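A short worksheet on the structure shown next.
The values are calculated or read from the model by the stated rules, or taken from the named source; none is laboratory data. Fair warning: this is a prediction, and the values are worked out from it, not measured in the lab. In this analysis, Cβ positions are derived from the backbone assuming ideal geometry, glycine residues included, and neighbour counts consider all displayed protein chains. Ligands, DNA and RNA are excluded from the accessible area calculation, which covers all protein heavy atoms including side chains. Shrake-Rupley method; radii C 1.70, N 1.55, O 1.52, S 1.80 Å.
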Amino acid sequence: MTAALDVKGLTTRFDTRGGSVTAVNNVSFSVDKGRILGIVGESGSGKSVTGFSILGLIDEPGKVVGGSVLIEGTDLRALSPDDMRGMRGRKVSMVFQDPMMTLNPVLRVGDQMAMAVRVHRPMSKPKALEEARRALEIVGIPSPAERLKAYPHQLSGGMRQRVAIAIALLHSPAVIIADEPTTALDVSIQGQILAEVRRLADQTGTAIVWITHDLAVVSSLADDICVMYAGRIVERGTAEQVISAPRHPYTQGLLDSVPAQHEPGKPLPQIPGSTPQLSRLPSGCPFRPRCPRATELCATEPPVDDRDGQIVLCHHPLERP
Amino acid sequence: MTQPLLKIENVSKRFTRMPGLAERLVGRLTGGGKPVVVHALSDVSFDVARGEVVGIVGESGCGKSTLGRVVSGIYAPSDGRVVLDGKPVAHERGGNVEKLTTRVQMIHQDPFASLNPRMKVGETVAEGPRHHGIIPRGEVQARVRALIEKVGLEGAYADRLPHQFSGGQRQRIAIARALAMDPELLVLDEAVASLDVSIQAQVLNLFMELRRDLGLTALFISHDLSVVRHVCDRVAIMYLGRLVELAPADVLYSDPKHPYTRALFASVPTVGSGKREFEAIKGEIPSPINPPPGCAFHPRCPLAGPRCRVEVPKLAGAGASRTVACHLNDGGVELKDKAA
């Protein structure tokens, strides 16, 4: 079976006056139909740039310099700009952290959704509005026909994000890339949207890439998890593997620093130092200066270590029985 | 019993927006154009003992930040009063407000916005004590260095500008600035919310260490339930401007009583719980411009009855030093027969 999304060796570089920075470094993963992949990382880890690179949305001075992005077998990087435009929104779509990046503030929700429908499928406007109404219904918006007449400012933040997700769903794409879509929302609203997203993946078979900094969200939502650090995927596996038996010291450190599992008031295990600047990475493993397991060997490129499909980029992965 | 350091007594805060000229003109014809009142805080009361850290938790619009600002003296309450160390504050004007601001210090969410980008961080830390004459002039520099070292940075960093620091380091500087005033009460408003997880743990550890060393009293405002549980002694849950539940952290987390508290806990995803159900609260948070009558949570509450739609529940004791504002706690949700 062809994966819905297959990314191999994706590399994105930003050539700035201050020097060249590799924001996404040889990133590979695949997502099957109906599965949810969580990409977790801290700020500057390259998780969002990975999402933008998949859709070919990288602006100067950035450039995707290597790798392939296959959507149901079609390599997006080999497509002409026109053909790529034909894919965006139809085969692969994106949901942003701020729904106002998707929505036009001066158009009614229905009008802009109908426009998005008719870009890829010529049909009458009433028919397109009907499609839009159905999409709003799928994401759990009450009285969707009414909402079609509303302007974005008349909707709450949670409602707007639902509309943005509905727009991403209009053409039943193979893949949806969601970049921190619930980060700005309240937990009760986030809970509602996570439940909808899980249902959508199960029912429509759309593959979802969920990019976030929130370990708790991916651990409850995703089937598989990639952990990114300084532009690389340092660990990849099923959610179960990565959360309950992490093998990369960074993943372990991240999980340990979440307060929930520790006795209140006791010092939290912390990762020393600060998140790295991509322009000043050390040789070899980028996590080396903060890593409790680092040795001299870590100054050389870390090897790929695969055990039962749980893949880590590390000289000294944590061994588990 | 010793006197609490902070007493918040029946504090309400309303923000009123007067209609503009055009709105007033249109209002003449349509009957609209009336002032818009936002009920940010409604009748909030509780005490904070000396040395205690109380967490304030809630979703956006619940009034937690407004409460922090009223306590800090940034806003004067519309009703009620704030008493610090036995003396009422916040209503006072002029000179007294200045004295209050030296006793209560606030640490804000965004350390990129809260530090002056053109000021060396040492100057930022020194500004308050110098202005208020808290430290003799000759000792300011030494004191600033000691504070910067106290929050885990090198004393020599005092000569750097904010842009030379990471987010976590800036938040440490913001903490040093607050401590420079020798405050009796700290108000932390989402102080770790903008930090990465690995950095958040560092700043929380610093806070707990400082608390132990200096015996700090604090209001810790946050939307993050797991962070609050870790650092707070007692936790207050707020919804639409009202306090709905207040209890010691272990009591609240092991057995939440208010339906909103329960729903809030149920909708938060946790690491490694394998939990796949989130949809615990239906519907949206109502607008604080037109809060629902009766209990503000009743439109979303699975247990609401007729009484919840008409009568505002009072905060009342429910054992184990816990208080809850819910009719389930004081006689049920059915309307009492008036004739009886």
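Can you confirm whether residue B:147 is surrounded by 15 or more Cβ atoms within 10 Å (Cβ to Cβ) and assigned to a loop (DSSP other than H, G, I, E, B)? Spell out the reasoning first.
On the way: surrounded by 15 or more Cβ atoms within 10 Å (Cβ to Cβ): yes; assigned to a loop (DSSP other than H, G, I, E, B): no.
No: the conditions fail for residue B:147.
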- Conditions: (1) assigned to a loop (DSSP other than H, G, I, E, B); (2) closer than 21 Å to residue B:215 by Cβ; (3) away from every other protein chain (no Cβ under 14 Å). Residue B:174 meets all but one. Number of the miss? (1)
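In region A:204-306, which helices (runs of 4 or more DSSP H) lie fully inside it and hold 3 or more residues that are open to solvent by 30 Å² or more (accessible area, probe 1.4 Å)?
A:239-244
Residue-wise test of (1) of a type outside the set (Asp, Glu); (2) in contact with a helix residue (DSSP H, G or I) (Cβ under 9 Å, 6 or more places away or on another chain); (3) surrounded by 20 or more Cβ atoms within 10 Å (Cβ to Cβ).
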| site | (1), (2), (3) |
| --- | --- |
| A:8 | yes, no, no |
| A:20 | yes, yes, no |
| A:53 | yes, no, yes |
| A:58 | yes, yes, no |
| A:74 | yes, yes, no |
| A:80 | yes, no, no |
- Kindly list the number of the only condition in (1) outside any helix (DSSP H, G or I); (2) touching a residue at least 60 places away in the same chain (Cβ under 8 Å) that fails for residue B:256. (2)
- In region B:114-127, what count of residues is obtained for those that are under 23 Å from the mean Cα position of the chain (by Cα) and open to solvent by 80 Å² or more (accessible area, probe 1.4 Å)? 0
- Please indicate, with yes or no, whether at least one residue in region A:172-180 is out of contact with any helix residue (DSSP H, G or I) (no Cβ under 6 Å at 6 or more places or on another chain), under 23 Å from residue B:225 (Cα atoms) and crowded, with 22+ Cβ neighbours inside 10 Å. no
- Query: Out of region B:233-258, which residues are open to solvent by 10 Å² or more (accessible area, probe 1.4 Å) and more than 22 Å from residue B:39 (Cα to Cα)?
  - Reply: B:233, B:234, B:248, B:250, B:251, B:253, B:254, B:255, B:256, B:257
- Restricted to region B:198-227, and to residues that are without any contact (Cβ under 8 Å) to a residue 24 or more places away in the chain and within 11 Å of another protein chain (Cβ to nearest Cβ), which residue is surrounded by the most Cβ atoms within 10 Å (Cβ to Cβ)? B:201
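May I ask you to verify whether residue A:139 is without any contact (Cβ under 8 Å) to a residue 24 or more places away in the chain and more than 14 Å from the chain's Cα centre (by Cα)? First the steps, then the outcome.
Working: without any contact (Cβ under 8 Å) to a residue 24 or more places away in the chain: no; more than 14 Å from the chain's Cα centre (by Cα): yes.
Taking the combined requirement at face value, the residue does not satisfy it.
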- Message: Quick check on region B:39-79: of everything there that is within 24 Å of residue A:190 (Cβ to Cβ) and open to solvent by 40 Å² or more (accessible area, probe 1.4 Å), which residue is modelled with the highest pLDDT?
- Response: B:65
- Within region A:185-201, residues in contact with a Ser or Thr (Cβ under 7 Å, 6 or more places away or on another chain) and over 16 Å from residue A:215 (Cα atoms) come out as A:186, A:188, A:193, A:200
- So which of A:145, A:178, A:166 ends up being more than 14 Å from every other protein chain (Cβ to nearest Cβ) and touching a Phe, Trp or Tyr at 6+ places or on another chain (Cβ under 9 Å)? A:178
- Any residue at all in region A:191-200 that is within 11 Å of another protein chain (Cβ to nearest Cβ), open to solvent by 10 Å² or more (accessible area, probe 1.4 Å), modelled with pLDDT under 95 and under 23 Å from residue A:49 (Cβ atoms)? no
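Among A:116, A:168, which is touching a Ser or Thr at 6+ places or on another chain (Cβ under 7 Å) and in contact (Cβ under 8 Å) with a residue 40 or more places away in the chain?
Numbers: A:116 fails: touching a Ser or Thr at 6+ places or on another chain (Cβ under 7 Å).
The conditions single out A:168.
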- Message: If I filter region B:181-190 for residues that are assigned to a loop (DSSP other than H, G, I, E, B), in contact with a helix residue (DSSP H, G or I) (Cβ under 7 Å, 6 or more places away or on another chain), open to solvent by 30 Å² or more (accessible area, probe 1.4 Å) and under 30 Å from residue B:75 (Cα atoms), do I get at least one hit?
- Response: yes
- Message: So if I check each of A:283, A:279, A:274, which one is in contact (Cβ under 8 Å) with a residue 40 or more places away in the chain, under 29 Å from residue A:12 (Cα atoms) and more than 22 Å from the chain's Cα centre (by Cα)?
- Response: A:279
- Item | Candidates B:234, B:309, filtered to the one that is in contact (Cβ under 8 Å) with a residue 12 or more places away in the chain, touching a helix residue (DSSP H, G or I) at 6+ places or on another chain (Cβ under 9 Å) and more than 14 Å from chain A (Cβ to nearest Cβ) | B:309
- Query: Looking at this structure, is residue A:187 out of contact with any Phe, Trp or Tyr (no Cβ under 6 Å at 6 or more places or on another chain) and either away from chain B (no Cβ under 13 Å) or touching a residue at least 60 places away in the same chain (Cβ under 8 Å) (or both)?
  - Reply: no
- Tell me, please, whether a residue that is of a type in the set (A, V, I, L, M) and either on the phi > 0 side of the Ramachandran plot or more than 27 Å from the chain's Cα centre (by Cα) (or both) can be found in region A:87-104. no
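Please work out which residue is farthest from the chain's Cα centre (by Cα), limiting yourself to region B:150-171 and to residues that are in a loop (DSSP other than H, G, I, E, B) and closer than 27 Å to residue A:180 by Cβ. Steps first, please.
We begin by selecting, within region B:150-171, every residue in a loop (DSSP other than H, G, I, E, B); these are B:151-154, B:160-161, B:165-166.
Filter once more, so that each one left must be closer than 27 Å to residue A:180 by Cβ: B:165-166.
Values: B:165: 27, B:166: 25 Å.
Once the filter is applied, the top-ranked residue is B:165.
Among the residues of region A:112-144, write down those that are open to solvent by less than 50 Å² (accessible area, probe 1.4 Å) and either among the acidic types (Asp, Glu) or in a helix (DSSP H, G or I) (or both). Walk me through how you get there before you give the answer.
At the first step, the residues of region A:112-144 found to be open to solvent by less than 50 Å² (accessible area, probe 1.4 Å) are A:112-114, A:116-117, A:120, A:123, A:128, A:131-132, A:135-136, A:139-141, A:144.
Passing the criteria: A:112, A:113, A:114, A:116, A:117, A:120, A:128, A:131, A:132, A:135, A:136, A:144.
Hand me the list of strands (runs of 3 or more DSSP E) wholly inside region B:1-93 holding 2 or more residues that are farther than 30 Å from residue B:253 by Cα and either of a type in the set (Ser, Thr, Tyr) or touching a residue at least 40 places away in the same chain (Cβ under 8 Å) (or both). Write out each step before concluding.
On the way: elements: B:6-17, B:36-48, B:53-57, B:79-84, B:87-89.
Output list reads B:6-17, B:36-48.
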- Message: Could you go through region A:84-97 and let me know if any residue there is open to solvent by 50 Å² or more (accessible area, probe 1.4 Å), in contact with a Pro (Cβ under 6 Å, 6 or more places away or on another chain) and farther than 21 Å from residue A:4 by Cα.
- Response: no
- Query: Looking at this structure, is residue A:216 more than 11 Å from chain B (Cβ to nearest Cβ) and among the hydrophobic types (A, V, I, L, M, F, W, C)?
  - Reply: no
